[in-house]
Amino acid sequence: VITHGTDTLAYPASLLSYMLGPVDRPVIITGSMKSVVEENTDAIVNMKDSITAASSGICGVYVVFNRKLIKGSRVSKIRSVQFDAFTSVNYPLLGEFSDNGIKFNIQPDREGSGIKLDTACETSIAVIKLFPGMDPELVKAIKNAGFKGIVIESYGTGGIPYRGRDLLAVITEIASEIPVLLTTQVVYDGVDLHTYEVGQRALSSGVISACDMSKEASITKLMWVLGHTRDLEKVKEMIYTDYAGEINTGRC
């Protein structure tokens, strides 16, 4: 059981899912919105539930929070104050806790292939959030800063503007040199570059779709993949490989 600050908890949950692979024991990450010394803290129940999960015979990386069991590679923080701070993105909630224990909605993995920590990771990436009126020169400046990869939080199902202030032309140029992973600013449903013309043009530009991955899973996966290869085709192949239940490859 690992205790962690909630602001960034979803990132190590995703990254550990890649680094540990099909681990043969439970790795439970938890935290609290209120300190353990505060009145009405959620720390105690989260810790109790984490111990319950760790004793249940499951294998893999999970987050336990607010009486919920969430797959580590699918977790995202959606609230900054309330106890119900984390959600499972584009994947069913695995289980729920009560005073009687844990009730599984889906049976988690109960087998693994040992324990091996693959820490190869490249953190020199940039994350760009698109906004209306964004100047393409900003994207060029990021490109020229020497990053090894870029994650773009696009609109909706994956749109990149190509009229007026043409961001797509700049991104196309970048995608020919370093990996550009396209995710969305929206929490649920993910990216579908086949739906609209803006997405189809983005797909033709050479960007890689994050499909239904969460933003945290997308960012940490690009870091982890770049720790293993810089070859653009190999990067794309690894992004589209499901290592820890983080991606529905049928959506790609």
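Bear in mind that the values in this text are calculations on the coordinates, not laboratory data. All values reported here derive from a predicted model rather than from experimental measurement. With ideal geometry, Cβ positions are generated from the backbone for all residues, glycine too; neighbour counts draw on all protein chains shown.
Okay, here's what the table says:
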{"item": "Rg ratio (alpha-carbon, reference 2.2 N^0.38 Å) - the range 145-239", "result": "1.00"}
{"item": "Listed residues Pro108, Pro179, Pro132, most fluctuating in the chain (Gaussian network, C-alpha, under 10 Å)", "result": "Pro132"}
{"item": "Net length gained if the chain between Ala141 and Asp189 were fully extended (0.36 nm per residue, minus Cα distance)", "result": "14.2 nm"}
{"item": "Loop-located GluC sites (Glu not before Pro) in the range 143-210 whose Cβ has at most 13 other Cβ within 10 Å (DSSP)", "result": "Glu177"}
{"item": "Gain in span if fully extended, Lys48 to Glu233, counting 0.36 nm per residue against the direct Cα distance", "result": "62.1 nm"}
{"item": "MRE, 222 nm, helices only [DSSP H, n ≥ 4, -39500 (n - 2.57), over the chain, to nearest 500]", "result": "-8000 deg cm²/dmol"}
{"item": "Two-site label geometry, Ser176 and Ser98: point separation in nm, points 7 Å out along Cα→Cβ", "result": "6.1 nm"}
{"item": "Residues of the range 79-95 with amide N under 12 Å of the 7 Å Cα→Cβ point at Asn40", "result": "82-83"}
{"item": "Proxy reagent accessibility, fewest Cβ within 10 Å first, across Phe86, Phe104", "result": "Phe104, Phe86"}
{"item": "Reach of Lys103 by Cα under 13 Å, taken over aspartates and glutamates that are not fewer than 8 positions away in the same chain", "result": "Asp49"}
{"item": "Relative contact order %, the chain, counting alpha carbon pairs below 8 Å whose residues are six or more apart", "result": "18 percent"}
{"item": "Footprinting exposure proxy for Thr8, Thr119 (fewest neighbouring C-beta atoms within 10 Å first)", "result": "Thr119, Thr8"}
